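S.K.: The structure's right below; bear with me while I get my questions together.
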Amino acid sequence: MIISVVIPTFNEIKNGYLKKSLHALTQKENVEVIVVDNMSTDGTAQLAQEYHVKLYQDKLPSRAERLKHGILKAKGDIILLHHPRSVLSIEALNELEQTTANWGAFRHEFDKSHPLLKFTSFYSNFVRGGRGIFYLDHCIFFKRDFAPDVLKLKNMEIFEDTEISLILRAKAKPRLLKSTSTTSAIRFEKNGVFKQILLNQKMKILYHLGRHHQEMNRNYEQNLGLNNDFDA
(Lines give C-alpha, C1' and ligand atoms only; values in the text may rest on other atoms or scores of the structure.)
Protein backbone atom coordinates (compact mmCIF):
# COMPACT_ATOMS: atom_id res chain seq x y z
CA MET A 1 0.00 0.00 0.00
CA ILE A 2 1.25 3.45 -0.95
CA ILE A 3 0.31 6.61 0.97
CA SER A 4 0.47 9.81 -1.09
CA VAL A 5 0.98 12.88 1.09
CA VAL A 6 0.06 16.23 -0.46
CA ILE A 7 1.54 19.32 1.24
CA PRO A 8 0.46 22.76 -0.09
CA THR A 9 3.18 25.34 0.61
CA PHE A 10 3.91 29.04 0.37
CA ASN A 11 6.97 30.60 2.05
CA GLU A 12 7.06 28.07 4.88
CA ILE A 13 10.67 28.48 6.05
CA LYS A 14 9.90 31.13 8.65
CA ASN A 15 7.36 28.86 10.31
CA GLY A 16 9.91 26.12 10.95
CA TYR A 17 7.46 23.26 10.54
CA LEU A 18 8.04 22.08 6.99
CA LYS A 19 11.44 20.62 7.80
CA LYS A 20 9.97 18.70 10.74
CA SER A 21 7.14 17.41 8.56
CA LEU A 22 9.37 16.33 5.68
CA HIS A 23 11.81 14.62 8.03
CA ALA A 24 9.01 12.62 9.67
CA LEU A 25 7.28 11.69 6.42
CA THR A 26 10.40 10.55 4.59
CA GLN A 27 11.31 7.99 7.27
CA LYS A 28 8.72 5.55 5.92
CA GLU A 29 9.40 3.72 2.65
CA ASN A 30 5.89 3.42 1.23
CA VAL A 31 5.10 7.13 1.51
CA GLU A 32 5.03 9.35 -1.58
CA VAL A 33 5.50 12.97 -0.51
CA ILE A 34 4.20 15.61 -2.92
CA VAL A 35 4.94 19.28 -2.21
CA VAL A 36 2.89 21.74 -4.28
CA ASP A 37 4.39 25.18 -3.92
CA ASN A 38 2.99 28.60 -4.82
CA MET A 39 6.29 29.97 -6.19
CA SER A 40 7.83 30.56 -2.76
CA THR A 41 10.76 32.98 -2.56
CA ASP A 42 12.18 31.99 0.83
CA GLY A 43 13.83 28.65 0.07
CA THR A 44 10.79 26.43 0.62
CA ALA A 45 11.31 24.65 -2.71
CA GLN A 46 15.02 24.16 -2.05
CA LEU A 47 14.21 22.59 1.34
CA ALA A 48 11.75 20.19 -0.30
CA GLN A 49 14.40 19.19 -2.84
CA GLU A 50 16.80 18.34 -0.02
CA TYR A 51 14.39 15.59 1.03
CA HIS A 52 14.04 14.28 -2.54
CA VAL A 53 10.26 14.57 -2.56
CA LYS A 54 8.12 15.27 -5.61
CA LEU A 55 8.04 19.05 -5.99
CA TYR A 56 5.64 20.97 -8.21
CA GLN A 57 5.86 24.75 -8.48
CA ASP A 58 3.31 26.94 -10.18
CA LYS A 59 1.29 30.09 -9.61
CA LEU A 60 -1.41 28.49 -7.47
CA PRO A 61 -2.56 31.22 -5.05
CA SER A 62 -5.30 29.28 -3.25
CA ARG A 63 -4.63 26.28 -1.06
CA ALA A 64 -7.50 24.48 -2.80
CA GLU A 65 -5.66 24.74 -6.12
CA ARG A 66 -2.46 23.39 -4.60
CA LEU A 67 -4.28 20.48 -2.96
CA LYS A 68 -6.06 19.53 -6.18
CA HIS A 69 -2.81 19.73 -8.15
CA GLY A 70 -1.21 17.33 -5.68
CA ILE A 71 -4.17 14.95 -5.77
CA LEU A 72 -3.90 14.79 -9.55
CA LYS A 73 -0.23 13.79 -9.24
CA ALA A 74 -0.78 11.27 -6.44
CA LYS A 75 -0.23 7.56 -7.15
CA GLY A 76 -1.11 6.15 -3.74
CA ASP A 77 -3.93 3.97 -2.49
CA ILE A 78 -4.54 6.49 0.29
CA ILE A 79 -4.25 10.25 -0.22
CA LEU A 80 -3.32 12.31 2.82
CA LEU A 81 -3.80 16.09 2.73
CA HIS A 82 -1.13 17.38 5.10
CA HIS A 83 -1.10 20.87 6.60
CA PRO A 84 2.31 22.54 6.08
CA ARG A 85 2.43 23.52 9.74
CA SER A 86 1.51 20.13 11.20
CA VAL A 87 3.63 17.08 12.05
CA LEU A 88 2.67 13.40 11.99
CA SER A 89 4.76 10.69 13.62
CA ILE A 90 5.78 7.36 12.12
CA GLU A 91 3.24 5.76 14.45
CA ALA A 92 0.53 7.97 12.95
CA LEU A 93 1.47 6.86 9.44
CA ASN A 94 1.49 3.23 10.57
CA GLU A 95 -2.02 3.63 11.98
CA LEU A 96 -3.16 5.22 8.72
CA GLU A 97 -1.68 2.33 6.77
CA GLN A 98 -3.69 -0.15 8.83
CA THR A 99 -7.03 1.65 8.88
CA THR A 100 -10.01 0.32 6.96
CA ALA A 101 -11.77 3.69 6.98
CA ASN A 102 -12.79 5.27 3.67
CA TRP A 103 -11.79 8.67 4.96
CA GLY A 104 -11.07 10.53 8.14
CA ALA A 105 -8.48 12.54 10.02
CA PHE A 106 -6.02 12.50 12.91
CA ARG A 107 -6.68 13.92 16.35
CA HIS A 108 -5.60 17.52 16.65
CA GLU A 109 -3.39 19.21 19.21
CA PHE A 110 -1.41 22.45 19.28
CA ASP A 111 2.30 22.72 19.99
CA LYS A 112 1.62 25.20 22.82
CA SER A 113 -0.07 24.55 26.13
CA HIS A 114 -3.00 26.84 26.96
CA PRO A 115 -6.44 25.96 28.39
CA LEU A 116 -8.27 27.59 25.48
CA LEU A 117 -6.06 25.89 22.92
CA LYS A 118 -6.75 22.55 24.59
CA PHE A 119 -10.47 23.28 24.44
CA THR A 120 -10.18 24.29 20.77
CA SER A 121 -8.56 20.95 19.97
CA PHE A 122 -11.18 19.06 21.99
CA TYR A 123 -13.96 20.85 20.12
CA SER A 124 -12.26 20.18 16.78
CA ASN A 125 -11.83 16.49 17.54
CA PHE A 126 -15.11 15.54 19.15
CA VAL A 127 -17.73 18.23 18.44
CA ARG A 128 -17.04 19.56 14.95
CA GLY A 129 -15.24 16.31 14.13
CA GLY A 130 -18.24 14.39 15.45
CA ARG A 131 -20.26 16.09 12.71
CA GLY A 132 -17.75 14.95 10.12
CA ILE A 133 -16.05 18.32 9.57
CA PHE A 134 -12.25 18.41 9.87
CA TYR A 135 -9.85 21.23 9.11
CA LEU A 136 -6.62 20.67 7.22
CA ASP A 137 -4.52 20.76 10.40
CA HIS A 138 -6.13 17.42 11.29
CA CYS A 139 -4.44 16.04 8.14
CA ILE A 140 -7.42 14.67 6.21
CA PHE A 141 -7.09 11.32 4.42
CA PHE A 142 -9.26 9.42 1.96
CA LYS A 143 -9.10 6.38 -0.27
CA ARG A 144 -8.07 6.95 -3.86
CA ASP A 145 -11.58 6.07 -5.08
CA PHE A 146 -12.82 9.33 -3.53
CA ALA A 147 -10.30 11.53 -5.37
CA PRO A 148 -12.57 12.37 -8.35
CA ASP A 149 -15.16 13.78 -5.95
CA VAL A 150 -12.62 15.85 -4.03
CA LEU A 151 -11.30 17.26 -7.31
CA LYS A 152 -14.69 18.91 -7.82
CA LEU A 153 -13.69 21.34 -5.04
CA LYS A 154 -13.91 25.01 -6.02
CA ASN A 155 -10.70 27.09 -5.99
CA MET A 156 -11.34 28.58 -2.57
CA GLU A 157 -8.84 30.58 -0.51
CA ILE A 158 -10.39 29.60 2.81
CA PHE A 159 -12.70 26.85 4.18
CA GLU A 160 -11.59 24.51 1.41
CA ASP A 161 -11.09 21.90 4.13
CA THR A 162 -14.69 22.29 5.27
CA GLU A 163 -15.87 21.82 1.70
CA ILE A 164 -13.66 18.73 1.31
CA SER A 165 -15.16 17.29 4.49
CA LEU A 166 -18.69 17.93 3.18
CA ILE A 167 -17.84 16.19 -0.10
CA LEU A 168 -16.42 13.17 1.71
CA ARG A 169 -19.12 13.10 4.39
CA ALA A 170 -21.74 12.73 1.67
CA LYS A 171 -20.04 9.49 0.58
CA ALA A 172 -19.11 7.79 3.87
CA LYS A 173 -18.81 8.21 7.62
CA PRO A 174 -15.35 9.44 8.69
CA ARG A 175 -13.05 7.95 11.30
CA LEU A 176 -11.00 9.95 13.78
CA LEU A 177 -7.72 8.07 14.25
CA LYS A 178 -6.07 7.79 17.65
CA SER A 179 -2.75 9.29 16.55
CA THR A 180 -2.18 13.02 16.73
CA SER A 181 -1.48 15.80 14.26
CA THR A 182 0.59 18.35 16.18
CA THR A 183 0.01 21.81 14.73
CA SER A 184 1.70 25.18 15.09
CA ALA A 185 -0.16 27.74 17.20
CA ILE A 186 1.43 30.59 15.24
CA ARG A 187 -1.86 32.39 14.57
CA PHE A 188 -2.71 32.41 18.26
CA GLU A 189 0.80 33.58 19.14
CA LYS A 190 0.75 36.46 16.67
CA ASN A 191 -2.84 37.60 17.16
CA GLY A 192 -3.29 36.58 20.78
CA VAL A 193 -5.37 33.59 21.88
CA PHE A 194 -8.62 35.47 22.61
CA LYS A 195 -8.46 37.62 19.47
CA GLN A 196 -7.78 34.59 17.25
CA ILE A 197 -10.61 32.57 18.78
CA LEU A 198 -13.04 35.45 18.15
CA LEU A 199 -11.72 35.82 14.61
CA ASN A 200 -12.23 32.10 13.99
CA GLN A 201 -15.86 32.37 15.10
CA LYS A 202 -16.39 35.43 12.92
CA MET A 203 -15.04 33.54 9.90
CA LYS A 204 -17.41 30.63 10.52
CA ILE A 205 -20.38 33.01 10.63
CA LEU A 206 -19.30 34.70 7.40
CA TYR A 207 -18.85 31.31 5.75
CA HIS A 208 -22.36 30.22 6.68
CA LEU A 209 -23.68 33.57 5.44
CA GLY A 210 -22.12 32.82 2.07
CA ARG A 211 -19.53 35.61 1.97
CA HIS A 212 -16.97 35.48 -0.85
CA HIS A 213 -13.91 33.38 -0.04
CA GLN A 214 -11.40 36.06 -1.08
CA GLU A 215 -12.98 38.64 1.18
CA MET A 216 -13.02 36.21 4.09
CA ASN A 217 -9.40 35.18 3.60
CA ARG A 218 -8.14 38.76 3.45
CA ASN A 219 -9.83 39.30 6.77
CA TYR A 220 -8.46 36.08 8.21
CA GLU A 221 -4.87 36.56 7.11
CA GLN A 222 -4.63 39.99 8.75
CA ASN A 223 -1.13 40.67 7.44
CA LEU A 224 0.10 37.21 8.40
CA GLY A 225 0.48 35.97 4.82
CA LEU A 226 0.43 32.31 5.89
CA ASN A 227 -1.80 30.80 3.20
CA ASN A 228 -1.69 33.18 0.25
CA ASP A 229 0.61 35.53 -1.63
CA PHE A 230 -0.77 38.76 -0.24
CA ASP A 231 -0.14 40.62 3.00
CA ALA A 232 -3.16 42.90 3.00
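The values are calculated or read from the model by the stated rules, or taken from the named source; none is laboratory data. Remember, predicted model here, so these are calculated numbers, not experimental data. When the accessible area is computed, the model is the full protein with side chains, heavy atoms only, and any ligands, DNA or RNA have been set aside. Shrake-Rupley method; radii C 1.70, N 1.55, O 1.52, S 1.80 Å.
S.K.: Can you give the % of DSSP beta bridges in the chain that are antiparallel, to the nearest 5?
M.R.: Numbers: 8 of 29 bridges.
Of those bridges, close to 30 percent are antiparallel.
S.K.: Along each principal axis of its Cα atoms, how long is the chain end to end? Whole angstroms, biggest number first, please.
M.R.: 42, 39, 35 Å, listed from the longest principal axis down.
S.K.: Right, another one. Could you go through segment 65-80 in sequence order and give the Karplus-derived ³J(HN,Hα) for each residue, using 6.51 cos²θ - 1.76 cosθ + 1.60 with θ = phi - 60°, rounded to whole Hz, and x for Gly and Pro?
M.R.: 5, 5, 4, 5, 4, x, 4, 4, 8, 5, 10, x, 6, 10, 10, 10
S.K.: Something else: Return the single residue from Leu177, Leu206, Leu136 with maximal mean-square fluctuation; model: Gaussian network over the chain, springs between Cα atoms under 10 Å.
M.R.: Taking springs between Cα atoms under 10 Å, the residue moving most is Leu206.
S.K.: Per residue, how much accessible area does the chain have with a 1.4 Å probe, in Å²? Please report the intermediate quantities before stating the final value.
M.R.: On the way: 10600 Å² over 232 residues.
Result: 46 Å² of accessible area for each residue.
S.K.: Do you know the Lys pair count in segment 7-80 for C-alpha distances under 22 Å, with sequence separation 8 or more or different chains?
M.R.: Taking segment 7-80 as the scope, the lysine pair count is 15.
S.K.: Between segment 124-147 and segment 1-59, how many Å separate their Cα centres?
M.R.: Spelled out, the Cα-based centre of one part sits 21 Å from the other.
S.K.: Using a 1.4 Å probe on the protein heavy atoms, what percent of the accessible area of segment 63-162 belongs to carbon and sulfur? Present the calculation step by step, with values, prior to reporting the outcome.
M.R.: Details: 2080 of 4000 Å².
The nonpolar share, carbon plus sulfur, comes to 52 percent.
S.K.: Moving on to the next point. Provide, for segment 126-190, the number of lysine pairs with alpha carbons under 30 Å apart, each pair being eight or more places apart or on different chains.
M.R.: Pairs that pass both the separation and distance tests number 12.
S.K.: Okay, helix-only estimate at 222 nm for the chain: each DSSP H run of n ≥ 4 adds -39500 (n - 2.57), divide by all residues, round to 500 deg cm²/dmol; what do you get?
M.R.: Theoretical 222 nm ellipticity from helices: -10500 deg cm²/dmol.
S.K.: If you don't mind, there's one more thing I want to ask. Can you give me the long-range amide H partners of Phe110? Hydrogens built in the peptide plane at 1.01 Å from N, cutoff under 5 Å, separation of 5 or more residues or another chain.
M.R.: Result for Phe110 returns Thr183.
S.K.: Hey, another quick one. Test of understanding: in a Gaussian network model of the chain with alpha carbons linked when under 10 Å, which of Ser121, Ser184, Ser165 would top the mean-square fluctuation ranking?
M.R.: Largest GNM mean-square fluctuation: Ser121.
S.K.: Below 8 Å between Cα atoms, with a sequence gap of 6+, how large is the relative contact order for segment 22-155 in percent?
M.R.: Values: 147 pairs, mean separation 37.7, N = 134.
Answer for segment 22-155 is 28 percent.
S.K.: Moving to a separate point now. Build a GNM of the chain with springs between Cα atoms under 10 Å: which of Lys75, Lys112, Lys190 gets the top mean-square fluctuation?
M.R.: Lys190
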